[in-house]
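Engineer: Quick one: this structure, given as structure tokens, is what I'll be asking you about.
The values are calculated or read from the model by the stated rules, or taken from the named source; none is laboratory data. Just so you know, these numbers come straight off a predicted model, no measurement behind them. Quick reminder, even Gly has a Cβ in these numbers, built from the backbone with ideal geometry, and neighbours come from all protein chains shown. The protein model used for the area step is the full one, side chains on, heavy atoms only, and it has no ligands, DNA or RNA in it. Shrake-Rupley method; radii C 1.70, N 1.55, O 1.52, S 1.80 Å.
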Amino acid sequence: MLRPDSWVPLGVIGRPRGLRGDVWFRAYNEATEALAPGVRVRLTLKEAKTRTVVIEWLVDESQGLLAHFEGVNDREGAEALTGARVELQRKDFPPLEEGEYYHCDLPGMTVFDRKGERVGEVVRVEAYPTIDALVVKTADAEIEVPVSDAFVDELDVAGGRVVIDADAGREG
């Protein structure tokens, strides 16, 4: 599980639009509620230099998300941000409802089968159009476990534990 002060990448800044410092923004999760006006983010620029900025506004245009950061008021300033990774500290994420989770919290969780035997560790989450899948590193391979009631019995983020039906989906 991530430490609260860990920086989590949420997207990348694209090319500028216009002359007033506006930039296109490609969010890794377009449904994110973590980014909003007034939120302070860190930009990781070329050569790993960082800069902290505040989102002045973020709007969903027909061609994608358009953003404006406080203090970036011309095209030259916007061009300097092109390609920067936008990051937010984990502690600044909005709270979740019961049963919800952030993908960034799942890597490192220990995966067990129903018998309590260790299966492996979550190394990443794949977000497919219809379902999320945990990528689990086992002793001999990486397996994908769809996050659904048919495959996952328990997903305890706070406890760092996932219990799966290791036999689900296999023909007997």
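Engineer: Return a whole-number percent for the relative contact order of region 37-122, with Cα pairs under 8 Å and 6 or more residues apart as the contact set.
Structural biologist: The value is 22 percent.
Engineer: So, one more: Using amide H atoms built 1.01 Å from N in the peptide plane, name the residues 5+ places from Arg17, or on other chains, whose amide H lies under 5 Å from its own.
Structural biologist: Sorted by chain and number, the residues that satisfy this are Asp22, Val23, Trp24.
Engineer: Take every DSSP beta bridge whose two residues both sit in region 101-172, then give the antiparallel share in percent to the nearest 5.
Structural biologist: Here the antiparallel bridges make up roughly 80 percent for region 101-172.
Engineer: Once the chain is represented by equal point scatterers at the alpha-carbon sites, with solvent omitted, what log10 I(q)/I(0) does the Debye formula produce at q = 0.12, 0.13, 0.20 Å⁻¹?
Structural biologist: Debye intensities relative to I(0), on a log10 scale: -0.65, -0.73, -1.23.
Engineer: Next question, about the same structure. What accessible area per residue, rounded to a whole number of Å², is obtained for the chain using a probe radius of 1.4 Å?
Structural biologist: 61 Å²
Engineer: Relative contact order of the chain, please, whole-number percent, based on alpha carbon pairs below 8 angstrom and at least 6 residues apart.
Structural biologist: Rounded, it is 20 percent for the chain.
Engineer: Next question. Give me a comma-separated list of calculated 3J(HN,Hα) values for region 66-73, in order, Karplus coefficients 6.51, -1.76, 1.60 applied at θ = phi - 60°, integers in Hz, x for any Gly or Pro.
Structural biologist: Listing the rounded values in order: 10, 10, 9, 10, 4, x, 10, 10 Hz.
Engineer: Could you derive backbone 3J(HN,Hα) for region 91-100 from the dihedral phi with the Karplus parameters 6.51, -1.76 and 1.60 (θ = phi - 60°), listing whole Hz in sequence and x where the residue is Gly or Pro?
Structural biologist: Here the 3J(HN,Hα) series is 5, 9, 5, x, x, 10, 7, 3, x, 8 Hz.
Engineer: Based on Cβ point charges of +1 for Lys and Arg and -1 for Asp and Glu, what charge dipole magnitude is obtained for region 29-172 about its Cα centre, in debye rounded to the nearest 20?
Structural biologist: Using only the charged Cβ atoms, the result is roughly 740 debye.
Engineer: What percent do you get for the relative contact order of region 123-164 when only Cα pairs under 8 Å and 6+ apart count?
Structural biologist: Taking the mean separation of contacting Cα pairs over the length of region 123-164, I get 23 percent.
Engineer: Could you pull out the trypsin sites (Lys or Arg not before Pro) across region 86-172 that fall in loop regions by DSSP (anything but H, G, I, E, B) with no more than 16 other Cβ atoms inside 10 Å?
Structural biologist: The qualifying sites are Arg114, Lys115, Arg170.
Engineer: Name the residues whose placed amide hydrogens come within less than 5 Å of the amide hydrogen of Ala166, ignoring near sequence neighbours (fewer than 5 apart) on the same chain.
Structural biologist: Under 5 Å from the amide H of Ala166 lie the amide H atoms of Arg114, each far enough along the sequence or on another chain.
Engineer: Taking a quarter of the surface of the convex hull around the Cα atoms of region 1-94, what do you get in nm²?
Structural biologist: 5.9 nm²
Engineer: Quick one: net charge around Gly77, please, counting Lys, Arg +1 and Asp, Glu -1 for every other residue with C-beta under 14 Å from its C-beta.
Structural biologist: In short, -1.
Engineer: May I ask you to give the percent of accessible area on the chain that is carbon plus sulfur, with a probe radius of 1.4 Å?
Structural biologist: Ligands and nucleic acids excluded, carbon and sulfur give 46 percent.
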